[in-house]
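Reviewing the structure listed below.
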Amino acid sequence: MATANAHRLFLICSVLALFPAQAFCSSDTPKNIANLDTVKKEIISYHDSGRWHRDTLQVVHKAESWIAHRSKGGTKLALVLDIDETALMNWPEEVKTDFGYVPDLWNQWEKEGRAPASPEIMELFKSAIAHHVNVFFVTGRGESSREGTEKNLADVGYSGYVKLLMKPSTYHQKSVIPYKSSARAEIEGMGYHIVENVGDQWSDLKGGHSERTFKVPNPMYFIP
């Protein structure tokens, strides 16, 4: 039996050797695969060193320039902002949970409304308001978090926006793109023209209904 098992293992390893990116028959970690602990430390360094701030600021400056340019012509212009890792930063909770996603803890965090504002996005928000561009928030958060989210936005200084659109409880698609694009279409249906859309995920930005899109960095998670 031991010989048969050894022969079977040899055959399996021979086959898997054809696909080194998917499976390994060695205890050694391939050099092209980063250790999870190392990645977490790199993310913390990216945040604490100020590089995240600088990268975000570069994007925001471009977005501000477009706001200033477009505000010179047209009426009922609009800016759409995502919330998580865009308008609000969940960094304290992310570090506390070691970058893991624990639904109950995350839902509680949203309802408590303690997330700090992104200083860069707050700068963009105030610039839009100063240029008489209407601001809408379109978030993947569910309606159950509305009270906490609205309180959070108000507490950190996001005042004067037009509306907060949240994902309906009946939405169950794997991607948020159909929801977010339809939310922007809803804003257009209210008579507004969206000049720019800002988010931390590509799924925040795909689907049209915006003149320009601006993506801010988020090295922590991916939402399809």
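Considering only the range 153-176, state which residues are open to solvent by 20 Å² or more (accessible area, probe 1.4 Å) and of a type in the set (V, I, T).
At the first step, the residues of the range 153-176 found to be open to solvent by 20 Å² or more (accessible area, probe 1.4 Å) are 154-157, 159-163, 167-175.
Answer for the range 153-176, where residues must be open to solvent by 20 Å² or more (accessible area, probe 1.4 Å) and of a type in the set (V, I, T): V156, V162, T170.
Pairs are defined by a Cβ separation below 8 Å, a sequence spacing of at least 6 or placement on different chains, a first member in the range 36-55 that is closer than 18 Å to I121 by Cα and in contact (Cβ under 8 Å) with a residue 12 or more places away in the chain, and a second member that is in a helix (DSSP H, G or I) and open to solvent by 60 Å² or more (accessible area, probe 1.4 Å); the pairs so defined are H53/P119.
Filter the range 208-224 for residues that are without any contact (Cβ under 8 Å) to a residue 40 or more places away in the chain and within 16 Å of the chain's Cα centre (by Cα); which is surrounded by the fewest Cβ atoms within 10 Å (Cβ to Cβ)? Please lay out each step first, then the result.
Kept after step one, since they are without any contact (Cβ under 8 Å) to a residue 40 or more places away in the chain, are these residues of the range 208-224: 208-209, 213, 222.
When the remaining residues are screened for being within 16 Å of the chain's Cα centre (by Cα), the result is 213, 222.
Working: T213: 18, F222: 10.
Filtering the range 208-224 for residues that are without any contact (Cβ under 8 Å) to a residue 40 or more places away in the chain and within 16 Å of the chain's Cα centre (by Cα), the one surrounded by the fewest Cβ atoms within 10 Å (Cβ to Cβ) comes out as F222.
C25 meets all of the listed conditions (1) at pLDDT 95 or above; (2) open to solvent by 40 Å² or more (accessible area, probe 1.4 Å) but one, namely (1). Sub-7 Å Cβ pairs linking a first residue in the range 140-160 that is free of Cβ contacts under 8 Å to residues at least 60 places away in the same chain and under 11 Å from I83 (Cα atoms) to a second residue that is assigned to a helix (DSSP H, G or I) and not aromatic (F, W, Y), at least 6 apart or interchain, are R141/E110; R141/T149, ordered by first then second residue.
Here's the yes/no breakdown for (1) in a helix (DSSP H, G or I); (2) open to solvent by less than 30 Å² (accessible area, probe 1.4 Å); (3) of a type in the set (G, A, S):
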{"site": "E64", "(1), (2), (3)": "yes, no, no"}
{"site": "I67", "(1), (2), (3)": "yes, yes, no"}
{"site": "V80", "(1), (2), (3)": "no, yes, no"}
{"site": "E94", "(1), (2), (3)": "yes, yes, no"}
{"site": "Y101", "(1), (2), (3)": "no, no, no"}
{"site": "D104", "(1), (2), (3)": "yes, no, no"}
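Within 23 Å of E94 (Cα to Cα) and either under 13 Å from the mean Cα position of the chain (by Cα) or open to solvent by 10 Å² or more (accessible area, probe 1.4 Å) (or both) - does that describe any residue in the range 177-197?
Our first condition is that a residue be within 23 Å of E94 (Cα to Cα); within the range 177-197, this holds for none.
No, the range 177-197 has no match at all.
When every residue of the range 64-86 is checked against the conditions, at least one turns out to be more than 15 Å from the chain's Cα centre (by Cα), in contact (Cβ under 8 Å) with a residue 12 or more places away in the chain and on the phi > 0 side of the Ramachandran plot.
The values are calculated or read from the model by the stated rules, or taken from the named source; none is laboratory data. None of the values given here were measured: they were computed from a predicted structure. Every residue, glycine among them, receives a Cβ derived from its backbone with ideal geometry; neighbour counts consider all protein chains shown. SASA here: full protein model, heavy atoms, side chains in, ligands and nucleic acids out. Shrake-Rupley method; radii C 1.70, N 1.55, O 1.52, S 1.80 Å.
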